[in-house]
2 protein chains.
Amino acid sequence: MKPTSPERPENHKPASIYDVAKRAGVSIKTVSRVVNRQSNVSDATREKVMEAVEALSYRPNIFARGLASERSFLIGLLYDNPSAGYIAAMQVGVLTRCREEGYHLIVESLDAANPNLGRQVHSLVTESSLHGVILTPPLCDTQAVIDALNRANCPFVRIAPEKHLPGASDVRIDDFKAAYDMTAYLIGLGHRRIGFIKGHPGHGAAQARFAGYRSALEHAGLPLEEELCVQGFFSYQSGLEAGEKLLTLKNRPTAIFAGNDDMAAAVLACSQRYNLKIPHDLSVAGFDDSLVAQVVSPRLTTCRQPIREMAEAAVSMLIQRTATDAPVERQFEHELVVRESTVPPPGAIG
Amino acid sequence: MKPTSPERPENHKPASIYDVAKRAGVSIKTVSRVVNRQSNVSDATREKVMEAVEALSYRPNIFARGLASERSFLIGLLYDNPSAGYIAAMQVGVLTRCREEGYHLIVESLDAANPNLGRQVHSLVTESSLHGVILTPPLCDTQAVIDALNRANCPFVRIAPEKHLPGASDVRIDDFKAAYDMTAYLIGLGHRRIGFIKGHPGHGAAQARFAGYRSALEHAGLPLEEELCVQGFFSYQSGLEAGEKLLTLKNRPTAIFAGNDDMAAAVLACSQRYNLKIPHDLSVAGFDDSLVAQVVSPRLTTCRQPIREMAEAAVSMLIQRTATDAPVERQFEHELVVRESTVPPPGAIG
DNA sequence: AACGCCGATGACAACGCTGCCATCATAACC
DNA sequence: GGTTATGATGGCAGCGTTGTCATCGGCGTT
């Protein structure tokens, strides 16, 4: 008696559905039913088959499956280099759900400015007949991508898109309200001159955040000052430049709210040059609660969005075909994370 | 005359090889030959076929291909949550080469401690008969993964593995030398008491770096002091704890070399508590040149490894089957990146 | 002129699975 | 008891491609 079961072939050809069928003494069709959790299989048969599947470590071949049916068990994740942390978190969430459901993930990094974008997406989708695609910003607002997906009749879910599209499914937080909340928080601390660093103009959430900022000011009866609103592009570098502009104003703001953490971190770096102590001389707030927010000193007050949960939700929508049957918009809650980078303005009471 | 060519069906069924064959007036087999760049096709025929392929935006179906041939055009990237920046850079490099070669990327995030690891990997590989797999640390040193891959007869390339395995292909930098160089640089600045924060014990590169540090000390005739070498785990949190230990020593080091940037950033944060000015009171060096290294203040002196290039090389090895035919070890050059976090020790001349 | 060779091309099976339909036994109905 | 519904199962075609082998013509050789 050898310790390893003799019928388990240790060579490298994986077991096929035929092997399982033979071992279980049923037809391949029945094996298929069991594996796909279909009904109309007796418990006894199901058990026999399961046993054989286990014993042979049988896994249905993804290609054969994809060829024979409409279901590819493949989800696509398309992105265009936003921050590494953002994508990483997203990917973890996506993979979690995929694993649970037996799906696989194909990722593709695209360039939103590439004129061939549409063709690239179309190729990807038709080649591998993806079950569905997840679009992260800024791709979710890129018409060429949407068109290609529609042309290929491929379901997709957009994460944090600029505006709702008829017939499209979205997952998002309320960027407007989140930015509103953060701004209101700063105002509540006593700040009256609050600088804002906008995100990439092509990024929908960036605009919503700016709108939230303006709305909060208005609500508090504070004027919106042109010079306090500078353009950034979500990158650290652009934050450096934006910070430079804001800190060299004759009438400097007492707080700066940046469209994301990377830019806020840049403001921190920038303020050193002007010998400004954070948060004593200047409060700084970011957005995203990425790793940087916790690593810089002082740690950043920021706004956390549940990226992983959002990613998981997107996959679920795709798998359940919710996305296609009845387009949904799912909104998640954000959370204000107050850390050391924000305090009342200099000279304030308390 | 409609502007869009009438023979191009705008419905969502992608063109198949039959459509192309019919349009080009040849057999499907000839189309297959052209698409796969095989020889024995006349130039005239090749051109006709190419024209048809273009016109119909034909792309060979990945499933049919995978089923009919041994080639799956699928590369797997396996990782276990190292730093987001590391994986992101890796992924970009991998995707670049994949795109160029018409391959697709399937990613899977695994847990190195999961007892089911072997089974998971085996499933993935047999299901989708991957062309090859790329293993990042610490997975590249996980026996269960290696075994599963070997059992499935699946080629793989390991990035920065601990030690060479007979018959395995590796891509790496010389971590030993890199750490040696960094340590020597610090010694050159005049430092005599240099703390070291080790990386995760299960991570091969971490050990090589520690060895490099020790060797440089020895070379300079400096003693290796136990209390100056503390254990970390590559995480920010572990860096915080390690920094705490080092900074509370009665005889504090004048420089700290951390096994990666995250931990070095933690030391920066930690030193604030003890009112130490970096780099004036303490020099700090990291490893990886990740985003954090540039974002913290002062910016970190660190060691850059060409992650993207390494990833691209790994894919190339897989595609050319170099990995299987004759296992290779490719070594890339590291680069010392000197920034503001390191200066001569306090009291040094100059 | 007959032969063999080679490059170009096509016919056809096979890849492993699922969808559709047929079959059969058993249970529920009048 | 005969008929119909219902659950369980299997047979078989077909998914779009590639591998194998056959075919066909033209060309160089004897």
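Scan segment B:105-128 and give yes if some residue there is modelled with pLDDT under 90, open to solvent by less than 10 Å² (accessible area, probe 1.4 Å) and away from chain A (no Cβ under 11 Å), otherwise no. The answer is no; no qualifying residue exists. Is it fair to say A:Ala55 is within 30 Å of B:Val292 (Cβ to Cβ) and surrounded by fewer than 21 Cβ atoms within 10 Å (Cβ to Cβ)? No: the conditions fail for A:Ala55.
One residue is enough: does segment B:41-56 have a residue meeting the conditions within 16 Å of DNA strand C (Cβ to nearest atom) and outside any helix (DSSP H, G or I)? So that I can check it myself, show each step before the final result.
Kept after step one, since they are within 16 Å of DNA strand C (Cβ to nearest atom), are these residues of segment B:41-56: B:41-53.
Cutting the leftovers down to outside any helix (DSSP H, G or I) gives us B:41-42.
Yes, there is a match, as at least one residue in segment B:41-56 is within 16 Å of DNA strand C (Cβ to nearest atom) and outside any helix (DSSP H, G or I).
Filter the helices (runs of 4 or more DSSP H) completely within segment B:58-129 down to those with at least 1 residues that are in contact (Cβ under 8 Å) with a residue 60 or more places away in the chain and aliphatic (A, V, I, L, M). It would help to see each step written out before you state the result.
Numbers: elements: B:62-68, B:84-101, B:117-128.
Here the list reads B:84-101.
Going through (1) at positive phi; (2) more than 13 Å from chain A (Cβ to nearest Cβ) one by one, B:Gln331 falls short only on (1).
Give the residues of segment A:165-176 that are open to solvent by 10 Å² or more (accessible area, probe 1.4 Å) and small (Gly, Ala, Ser), sorted by residue number. Write out each step before concluding.
Kept after step one, since they are open to solvent by 10 Å² or more (accessible area, probe 1.4 Å), are these residues of segment A:165-176: A:165-167, A:172, A:174-176.
The one that is open to solvent by 10 Å² or more (accessible area, probe 1.4 Å) and small (Gly, Ala, Ser): A:Gly167.
Conditions tested, residue by residue: (1) more than 33 Å from the chain's Cα centre (by Cα); (2) closer than 27 Å to B:Ala64 by Cα; (3) outside the structural domain of A:Val133 (by TED's automatic domain parsing).
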| residue | (1), (2), (3) |
| --- | --- |
| A:Ala24 | yes, no, yes |
| A:Val34 | yes, yes, yes |
| A:Arg37 | no, yes, yes |
| A:Ala44 | yes, no, yes |
| A:Glu51 | yes, no, yes |
| A:Leu56 | yes, yes, yes |
| A:Arg65 | no, yes, yes |
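Out of A:Ala206, A:Ala211, A:Ala265, A:Ala258, which single residue is surrounded by 22 or more Cβ atoms within 10 Å (Cβ to Cβ) and more than 14 Å from chain B (Cβ to nearest Cβ)? The match here is A:Ala206. Where strands (runs of 3 or more DSSP E) sit wholly within segment B:220-315, those with at least 3 residues that are over 22 Å from B:Val338 (Cα atoms) and free of Cβ contacts under 8 Å to residues at least 60 places away in the same chain occupy B:229-231.
Of the residues A:Leu74, A:Leu95, the single one that is surrounded by 22 or more Cβ atoms within 10 Å (Cβ to Cβ) and at the interface with chain B (Cβ under 7 Å from one of its Cβ atoms) is A:Leu95.
Within the bounds of segment B:136-156, is there any residue that is open to solvent by 40 Å² or more (accessible area, probe 1.4 Å), more than 9 Å from chain A (Cβ to nearest Cβ) and at positive phi? No, the conditions are met nowhere in segment B:136-156.
Go through B:Gln294, B:Gln272 for me and flag whichever is within 12 Å of chain A (Cβ to nearest Cβ) and over 30 Å from B:Leu95 (Cα atoms). First the steps, then the outcome.
Working: B:Gln294 fails: over 30 Å from B:Leu95 (Cα atoms).
On inspection, the qualifying residue turns out to be B:Gln272.
Evaluate the following for B:Val49: is it open to solvent by 20 Å² or more (accessible area, probe 1.4 Å) and more than 19 Å from A:Pro14 (Cβ to Cβ)?
On the way: open to solvent by 20 Å² or more (accessible area, probe 1.4 Å): no; more than 19 Å from A:Pro14 (Cβ to Cβ): yes.
Against the criterion (open to solvent by 20 Å² or more (accessible area, probe 1.4 Å) and more than 19 Å from A:Pro14 (Cβ to Cβ)), B:Val49 does not qualify.
More than 23 Å from A:Gln305 (Cβ to Cβ), surrounded by fewer than 24 Cβ atoms within 10 Å (Cβ to Cβ) and modelled with pLDDT of 90 or more: does that describe A:Leu217? So A:Leu217 fails the test. Of the numbered criteria (1) at pLDDT below 95; (2) open to solvent by less than 20 Å² (accessible area, probe 1.4 Å), the one B:Glu162 fails is (2).
Residues to consider are B:Asp262, B:Asp288; find the one that is touching an Asp or Glu at 6+ places or on another chain (Cβ under 7 Å) and closer than 27 Å to A:Met263 by Cα. It would help to see each step written out before you state the result.
Numbers: B:Asp262 fails: touching an Asp or Glu at 6+ places or on another chain (Cβ under 7 Å).
Only one candidate qualifies: B:Asp288.
The values are calculated or read from the model by the stated rules, or taken from the named source; none is laboratory data. Computed from a predicted structure; not experimentally measured. Methodologically, a virtual Cβ is constructed for each residue, glycine included, from the backbone with ideal geometry; neighbour enumeration extends over all protein chains shown. Surface areas here come from the heavy atoms of the whole protein model, side chains and all, with no ligands, DNA or RNA. Shrake-Rupley method; radii C 1.70, N 1.55, O 1.52, S 1.80 Å.
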